[in-house]
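First comes the structure, then the notes that go with it.
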Amino acid sequence: MIFSVQRYLEDYFERRGLSDTDQYAIKLANTYASWRGRSSKRAFLQRISRVQTIFFRANPSLVRAAFKAEVLDALDRRFAQKKSPSGLALTRFPGDLASERARLVRSPLTIRAILDNFRRAVERQATSHFWRSRRQGVLAPSPERAGQNLLAMFATGALADRGVVVQELRSGVGYVDIAVMRGHVLHLLELKVLRATFSGVRQLSAYMRTESRSIGWLVLFDARPRNRRLSVPPAYAVPEGTVRVVLIDIRPELPSRIPEAD
């Protein structure tokens, strides 16, 4: 959904001849997809009033309050039946994230820190969202979508107002699973469920080339049986630069199967 909202806003601004130098359309789309379905109109207008932007400075003829209300009415008419993020059964990341938030507060808020904390959170309390039956090794339908939604929720909560998370960002002829924007820096994240052999490096490399980025992040949800796991390198060199790998174990060994020590 978020990409559809983003494209609609970009077209809306372009038709009106408005300048969007700091990607206000993306910020609004992210906020709309994340919050509109659970906010009243008044509460949502207050939320988007907190979005940091130079959009109104760049378009001084606009009356800010009236324009926001007008845009919201247009979005609701177009997306009234699609307010919740596509395919997202959860409204928040499962479990208590207090420890992860504490770690992020104590350290610089880098994309590496966000992904490392996301890995810990998933391994501790969210592996069940990937499985129909973990004991039998049967994955849930669309496990990549589950991972994408979990990461989008986690990153949005971690960034708060310090960045923007976009799902399915158009890049060339494809779509980047998740893009995280911090200031003017765009981080590209491709997500895959690792069943046996894995893919994603070539696909991410193409997005890096299109977006002129020298670093991309491949997030692998490791669903392989423990006795069939080969090591995965932490990074891959590609013509555009480096693909860095984050490996998340979504198939931990069941406690009942761990042998007792002698």
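See the values below:
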read-out	value
Close pairs from the stretch 196-207: first on the phi > 0 side of the Ramachandran plot, partner outside any loop (DSSP other than H, G, I, E, B) and not aliphatic (A, V, I, L, M), Cβ under 8 Å, at least 6 apart	G200/E190; G200/K192
Within the stretch 173-262, strands (runs of 3 or more DSSP E) holding 2 or more residues that are assigned by TED's automatic domain parsing to the domain that holds A152, charged (D, E, K, R) and more than 22 Å from R124 (Cβ to Cβ)	174-182
Test: V173 is of a type in the set (A, V, I, L, M) and over 29 Å from S34 (Cα atoms)	no
Residue among V51, V71 that is in contact with a helix residue (DSSP H, G or I) (Cβ under 9 Å, 6 or more places away or on another chain), over 30 Å from H129 (Cα atoms), outside any helix (DSSP H, G or I) and modelled with pLDDT of 65 or more	V51
Scope the stretch 176-200; condition farther than 23 Å from Y32 by Cα, of a type in the set (V, I, T) and buried (at least 19 other Cβ atoms within 10 Å of the Cβ); matching residues	V193
Residues of the stretch 22-48 classified as at pLDDT 90 or above and polar (S, T, N, Q), total	1
Residue count, the stretch 8-40 (criterion: assigned to a helix (DSSP H, G or I) and under 21 Å from L62 (Cα atoms))	16
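Yes or no, residue by residue, for (1) in the same structural domain as Y175 (by TED's automatic domain parsing); (2) buried (at least 17 other Cβ atoms within 10 Å of the Cβ); (3) under 20 Å from T156 (Cβ atoms):
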residue	(1), (2), (3)
S19	no, no, no
Y32	no, yes, yes
L45	no, no, yes
P60	no, no, no
R64	no, no, no
E70	no, no, no
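The values are calculated or read from the model by the stated rules, or taken from the named source; none is laboratory data. Everything numeric here is computed off the predicted structure, so don't read it as measured data. Backbone-built Cβ (ideal geometry, glycine too); neighbour counts: all protein chains shown.
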